[in-house]
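The values are calculated or read from the model by the stated rules, or taken from the named source; none is laboratory data. Predicted, not measured: the structure shown is a model, and the values here were computed from it. Neighbour counts run over all protein chains shown; Cβ positions are idealised from the backbone, glycine included. We work out accessible area using only protein heavy atoms, side chains counted, and drop any ligands, DNA or RNA first. Shrake-Rupley method; radii C 1.70, N 1.55, O 1.52, S 1.80 Å.
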Amino acid sequence: MEDFIIEAKAVTYMGGKHPLAAPTRPAAKDIAYDKGRFRYLDSHFGGTDFLGQEVVWDGEAPVWAMNYYGRILDPGSFDGERAGIVIKQALTALYQEKRFLGGFAYQHALGEYVDHSVGDYRSFQGVERILVADRAVYQLDYQGGLIKP
């Protein structure tokens, strides 16, 4: 399942996949991916500051989920467009390592991406930040893990 999660993350938001025309909830932006018996949905609200959830189903049963809240900390000096550029490049590099957890740093001309997390795909929490001149200008908090009946 961990391999599927990484693949789904890489081909949806990072891969530039467009949101579904009919979202699952009003005003949501939903990006879906299916492969074999697994189905993935990333559903979020907002833009510069946003909240979302990713879920993986095995057939009809939800088996894994992650929620997240991201925001620009200093809108006077940094914006969502720049954050998106840094995040997409950093996460693309991370997913090429075949992982999405475990700590990661990526240097970009617009800022340094730094991610700290504890746990593994079964149960985890973490925070990603973008730093400019050692000052956090963007932050996303996340947590998730396996869903058991």
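Please state which of the following conditions ARG122 fails to meet, knowing it meets all the rest: (1) touching a Gly at 6+ places or on another chain (Cβ under 7 Å); (2) more than 19 Å from LYS17 (Cβ to Cβ); (3) open to solvent by less than 70 Å² (accessible area, probe 1.4 Å).
(3)
If I ask for residues that are in contact (Cβ under 8 Å) with a residue 24 or more places away in the chain, assigned to a loop (DSSP other than H, G, I, E, B) and either within 15 Å of GLY52 (Cα to Cα) or open to solvent by less than 60 Å² (accessible area, probe 1.4 Å) (or both), which ones from the stretch 1-20 would you list?
THR12, TYR13, MET14
Considering only the stretch 34-47, I want to know if a residue exists there that is small (Gly, Ala, Ser), in a loop (DSSP other than H, G, I, E, B), within 23 Å of ARG99 (Cα to Cα) and open to solvent by 60 Å² or more (accessible area, probe 1.4 Å).
Yes, that holds for at least one residue.
Given the stretch 56-149, what strands (runs of 3 or more DSSP E) lie entirely inside it while holding 2 or more residues that are free of Cβ contacts under 8 Å to residues at least 60 places away in the same chain?
Details: elements: 61-72, 104-108, 111-120, 123-132, 135-146.
Output list reads 104-108, 111-120, 123-132.
Which of the residues spanning the stretch 69-84 are closer than 24 Å to PHE4 by Cα and either open to solvent by 20 Å² or more (accessible area, probe 1.4 Å) or among the β-branched types (Val, Ile, Thr) (or both)?
TYR69
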